[in-house]
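To start, the structure under review is shown below, and the notes come after it.
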Amino acid sequence: MKKLIALTWVALLFTTFGASAQQDKSKRPSPPAVVKETLSSGTAVTIDYSQPSVKGRTIGKEIAPYGKVWRTGANEATTFEVSKGVKINGKALAAGKYALHSIPGEKEWTLIFNKKWQKSGTDYNEAEDALKVVVKPGKSASFTEKMTFTVDKSGKVALIWGDVLVPFTVK
């Protein structure tokens, strides 16, 4: 009888922890999002990220501070995946899955494609970088509360957040 009670407790604990580990991520303050597109070249591009909100804060100060490595999203690491080798703004990136970090700036952003993609969003090791690309940010056409990525068939990719637009190309 004692063994049966002990086994019941063990089963109950595993069930409880398993259920909490699979929480509904859509209920988070920064919900998950995925954008997928197959480029004209046939390359599949997938960006899997969480969408932080501006919430009245200033990009570059209270959120995504200028000059510091940022996870380019929220929660887990943002991932950037390409099915074939590509060029990001003219620089080669092998097919594969990468963590996307950035260093925001007023006049330029550095996009960082890091080989170690299975990690928390705040875990970053420069030695694992596959590619860094400097891009010029611009003003978005309209204010976007939740950070959003767009990808079109021609390979134009943009991070749009608040009134900031961070464009780059994938060819």
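Bear in mind these aren't lab numbers, they're just calculated from the coordinates by the rules spelled out. Note that the structure is predicted; figures quoted are calculated from it, not measured. Neighbour counts run over all protein chains shown; Cβ positions are idealised from the backbone, glycine included.
A compact table of results
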{"read-out": "Unit Cα scatterers, Debye sum, segment 85-169: log10 I(q)/I(0) for q = 0.10, 0.11, 0.20 Å⁻¹", "value": "-0.25, -0.31, -1.02"}
{"read-out": "Computed label-point distance, nm, for sites residue 134 and residue 89 using a 7 Å Cα→Cβ extension", "value": "0.9"}
{"read-out": "Estimated FRET transfer efficiency (residue 38, residue 106; beta-carbon r; R0 25 Å; 0.05)", "value": "0.15"}
{"read-out": "Once the Cα gyration tensor of segment 25-169 is diagonalised, semi-axes √(5λ) in Å", "value": "22, 17, 16"}
{"read-out": "Set of aspartates and glutamates near residue 119 by C-alpha distance (under 16 Å), chain-local residues within fewer than 8 positions excluded", "value": "48, 76, 81, 128, 129"}
{"read-out": "Of 97/156; 84/107; 68/153; 68/139; 55/116, those spanning more than 28 Å from alpha-carbon to alpha-carbon", "value": "84/107; 68/153; 55/116"}
{"read-out": "Estimated FRET transfer efficiency (residue 120, residue 169; beta-carbon r; R0 25 Å; 0.05)", "value": "0.30"}
{"read-out": "Within straight-line cross-link reach of residue 136, aspartates and glutamates at Cα separation under 13 Å, skipping those fewer than 8 residues along the same chain", "value": "106, 108"}
{"read-out": "Dipole of segment 25-169 [Lys/Arg +1, Asp/Glu -1 at C-beta], most positive-end residue of 44, 105, 125", "value": "44"}
